[in-house]
Structures are given as structure tokens and as C-alpha cells.
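The values are calculated or read from the model by the stated rules, or taken from the named source; none is laboratory data. Treat the numbers as computed from the prediction; the structure is a model and nothing was measured. Here the Cβ is made from the backbone with ideal geometry for all residues, glycine too, and neighbour counts use every protein chain on show.
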Amino acid sequence: MKMILRWFGEGDDSVALWQIRQIPGVSGIAGALQDIPVGEVWPQERIDALKSQVNQAGLEMEVIESVNIHDDIKLGVASRDQYIENYRQTIRNLGKAGVKVICYNFMPVFDWTRSDLAKPLADGSTVLSYEERLIPKDPLKMMEEIERNANGFSMPGWEPERLKELKLLFEKYAGVDAEKLTANLKYFLEAVIPVCEEADVKMAIHPDDPAWPIFGLPRIVNSRENLMTLVKLVDSPYNGLTLCTGSLGSNPENNVPEIIREFSAMGRIHFAHVRNIKIEGYRNFHEVSHLSSDGSLDMFAIMKALYDTGFQGYIRPDHGRMIWGEKARPGYGLYDRALGVTYLNGLWEALTKMSPR
Ligand code: DNO
Ligand code: MN
């Protein structure tokens with residue numbers, strides 16, 4: 001297991017590499033080139049420059065989060081072939097820089113969605129939360145809601161400059177159901193996995209967050225069943241998962257430790273996002289500290305499922321609370337994620353000493 005932290009890059013992240021370096025037991029970061037428009041090739045020089053910046057800080061960059069997928073690929077329109085070709089080149093370039101895992105997602109239009117980016121908890125911290133009744137049916141209305149409480153940050157996919165494009169995108173998705181979306185994912189994977197095998201870079205899809213369809217858009221990565229469909233779309237170890245406990249766990253029907261055991265034993269979990277959430281009711285949850293007793297997920301059982309199945313991949317804490325007055329991208333402050341790392345490393349040490357392999 002290698003413990004890492006997500007880092008959005010200089011200027012895009014309030015956290016600095018030297019700060020990450022000082023968290024005990026962190027070997028590297030999950031890096032990104034946020035400014036490259038989705039669908040374009042990531043140039044070798046840019047990747048190499050990022051890698052050397054990270055290495056100079058004493059950290060590794062073996063994971064990328066994320067190389068996003070152009071909506072034309074998810075929609076399955078003719079222009080997808082060029083975007084897929086570009087993706088193949090990006091994989092080769094990342095492989096040359098020693099990247100081992102690419103995290104991506106296949107959620108139409110948006111990445112994760114919340115109704116509040118700064119919900120106050122009793123301890124005075126703020127967290128991301130999702131209450132279905134607060135999510136406007138009209139996604140364009142959603143933008144106004146978000147802007148009111150985002151402290152200048154927006155959720156991925158909800159950037160103000162993207163708004164114009166949103167209406168059009170929704171129209172395009174009208175004919176795309178779960179079955180078509182799955183076929184489009186298969187088409188994509190069939191084209192990229194052979195390149196991954198050559199370049200020794202593993203694809204790791206991130207589950208839908210929350211774990212159900214929103215705004216009438218199809219979503220296909222949110223249950224044990226559809227994860228199984230997915231890994232079989234192209235049956236290669238290079239076609240794997242980012243197991244995000246908070247995303248899958250938002251639906252209480254998903255038994256997260258059991259899902260981990262099954263897919264980790266198959267060697268298909270390459271990256272784990274380990275965080276806790278508190279479920280308050282039907283499609284109503286908020287984020288909490290990583291500690292088991294603060295939320296609805298059993299973090300010991302989650303780490304044990306990884307440990308027992310010989311997990312060799314990367315782990316990072318996921319969203320944290322905003323604590324100690326920190327100002328940062330919602331979910332991605334330094335302090336609570338550092339506490340998360342320390343807690344997860346503590347669980348792991350206990351597991352290794354209780355049942356040495
Ligand atoms: C939320 C985050 C996600 C993730 C992307 C991967 O749980 O982990 O934003 O980074 O979905 O593409
Ligand atoms: Mn995640």
C-alpha cells in the first residue's frame with residue numbers, strides 16, 4: 001500500500017508540496033494538469049515538468065487524478081475517435097513519466113455533486129453535503145445555489161464559463177440511456193486498454209458520486225453489479241477501479257467492505273479513496289471526519305478488506321472537513337486530510353502487526 005494525497009497543482013491548490021511532504025507516511029501525490037482542456041493531449045514536457053517539481057519536493061507522482069473524458073466519448077458521437085486518439089497519446093506520455101495509475105470517471109456532464117459545500121457541523125467545522133430535496137430539478141438553477149455558498153470555488157463541471165454549454169449538453173444526452181453509456185464506455189476501453197498494457201499504466205474508474213443518477217442523466221458506476229459489468233467490458237488487469245468508499249457508501253445498499261473484498265481479490269482495485277460519510281436518511285448524507293465513530297462507514301472493516309486481500313495499490317484520504325480556520329477548495333484542505341492519513345496509517349499498522357503476512 002502506498003499512501004498519497006491529491007494535489008491540484010501550483011496555483012490551483014491552497015496546499016503546498018512541502019506541507020504534504022511533512023505528513024507522516026505519505027509517499028506521493030495524485031497529480032493533475034488542471035488547465036489542459038478536456039480532450040487534448042497532455043504534452044510530454046508539461047508532464048515531465050510536473051513530475052520533476054513533485055520529485056524535487058521529495059514526493060512521487062505515480063497516480064494522476066484525473067485525465068477527464070470528453071463528453072463526446074460518453075455520448076458516443078463521431079468526434080469521439082479523435083478524443084480517444086488523444087487520450088491514447090496522453091497515456092503513452094504519462095507512462096514515459098513513470099505514472100502507474102490514471103483515475104477517471106464516466107459521469108455524464110458533471111463530476112461529484114452536492115447541495116451544500118459548507119454545511120456547518122456541531123464541532124464548528126464545515127463539510128460537503130447532499131440532500132436530494134435541495135437539488136433543483138433544473139441543473140441551471142443549481143448553479144445559482146452553488147454560487148451562494150461556494151467561497152469562490154465551484155464543483156467540478158459547474159464552472160461559470162461552462163454554463164452556456166450545459167443546456168446543449170443536456171439536449172445531447174436525451175438519447176443516451178444506461179445501456180448506451182455502457183456501450184460507449186466499452187468502446188473507449190477497447191481502444192485505450194491495449195495502450196495501457198504497452199505503457200504499463202492502469203486505468204482506474206471512479207464511481208458515481210452520489211451513487212445514483214441525477215438530473216435525469218444516466219449513471220453506470222455505482223453498485224457491485226455494475227462494477228462487475230465494467231471490469232468485464234475489457235477483461236484485463238489494466239481495466240480497474242478507484243474504489244471510493246464515500247461515493248459507493250452514499251447508497252446504504254452497497255456493502256463497501258464486501259465490494260472491496262471481491263474486487264481487490266480479483267486484483268482490480270488500483271487506487272482507493274478512503275473517507276467516511278454520515279447517512280441521515282434517503283438520499284441525504286454529509287461528510288464527516290475519517291473516524292468510524294463519526295460516520296456511517298466502518299473504516300476498520302474497509303482497511304481490513306484491503307489488507308486481507310493483499311492490496312498493493314495506492315490509498316488516499318478523500319474529502320475532509322474544513323477545520324482550524326483553513327481556507328481551501330471545499331473538501332481539499334490540508335488539515336483534515338492529514339488527520340485522515342494518520343488515522344488510516346494507524347489502522348494499517350495495527351492490521352499488519354495483528355496478522356503479519
Ligand atoms: C470525489 C473525488 C472525485 C474524483 C473524480 C475522478 O469523490 O474523488 O472528484 O476525483 O471523480 O475522476
Ligand atoms: Mn473519491
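Looking at 104, 130, just one residue is within 14 Å of ligand 2 (Cβ to nearest atom), out of contact with any Pro (no Cβ under 8 Å at 6 or more places or on another chain), among the aromatic types (Phe, Trp, Tyr) and touching a residue at least 24 places away in the same chain (Cβ under 8 Å), and that residue is 104. Please work out which residue is surrounded by the fewest Cβ atoms within 10 Å (Cβ to Cβ), limiting yourself to segment 214-234 and to residues that are among the charged types (D, E, K, R) and more than 16 Å from ligand 1 (Cβ to nearest atom). Result: 225. Take the conditions (1) in a loop (DSSP other than H, G, I, E, B); (2) within 16 Å of ligand 2 (Cβ to nearest atom); residue 30 misses just one of them, which is (1).
For segment 295-327, filtering for residues that are part of a loop (DSSP other than H, G, I, E, B), touching a residue at least 60 places away in the same chain (Cβ under 8 Å) and among the aromatic types (Phe, Trp, Tyr) leaves 1.
For residues in segment 238-257 being closer than 17 Å to residue 331 by Cα and among the hydroxyl-bearing types (Ser, Thr, Tyr), which is nearest to ligand 1 (Cβ to nearest atom)? Within segment 238-257, the match that is nearest to ligand 1 (Cβ to nearest atom) is 247. Evaluating residue 72 against the criteria (1) farther than 28 Å from residue 176 by Cα; (2) touching a Ser or Thr at 6+ places or on another chain (Cβ under 6 Å); (3) without any contact (Cβ under 8 Å) to a residue 60 or more places away in the chain leaves one unmet condition, (1). Once segment 319-356 is narrowed to residues that are in contact with a Phe, Trp or Tyr (Cβ under 9 Å, 6 or more places away or on another chain) and among the charged types (D, E, K, R), the residue that is modelled with the lowest pLDDT is 329. Note on segment 198-213: residues that are away from ligand 1 (no atom under 14 Å from the Cβ) and either buried (at least 24 other Cβ atoms within 10 Å of the Cβ) or closer than 14 Å to residue 103 by Cβ (or both) amount to 2.
Surrounded by fewer than 19 Cβ atoms within 10 Å (Cβ to Cβ), at negative phi, acidic (Asp, Glu) and not in a strand (DSSP E or B): is that true of residue 72 in this structure? Judged against the criteria, residue 72 is not a match.
When residue 67 is tested against (1) farther than 15 Å from residue 196 by Cα; (2) not in a helix (DSSP H, G or I), exactly one condition is not met: (1).
Scanning segment 3-27 for residues that are part of a loop (DSSP other than H, G, I, E, B) and not small (Gly, Ala, Ser) yields 7, 8, 10, 12, 13, 15, 22, 23, 24, 26. Checking 199, 204, 211, 191 one by one, the residue that is in contact with a Cys (Cβ under 6 Å, 6 or more places away or on another chain) and either among the small types (Gly, Ala, Ser) or over 16 Å from residue 65 (Cα atoms) (or both) is 204 and no other. Here residue 72 qualifies as away from ligand 1 (no atom under 16 Å from the Cβ), farther than 19 Å from residue 242 by Cβ and touching a helix residue (DSSP H, G or I) at 6+ places or on another chain (Cβ under 6 Å).
Would it be correct to say that residue 126 is within 25 Å of residue 275 (Cα to Cα), at pLDDT 95 or above and hydroxyl-bearing (Ser, Thr, Tyr)? So residue 126 passes the test.
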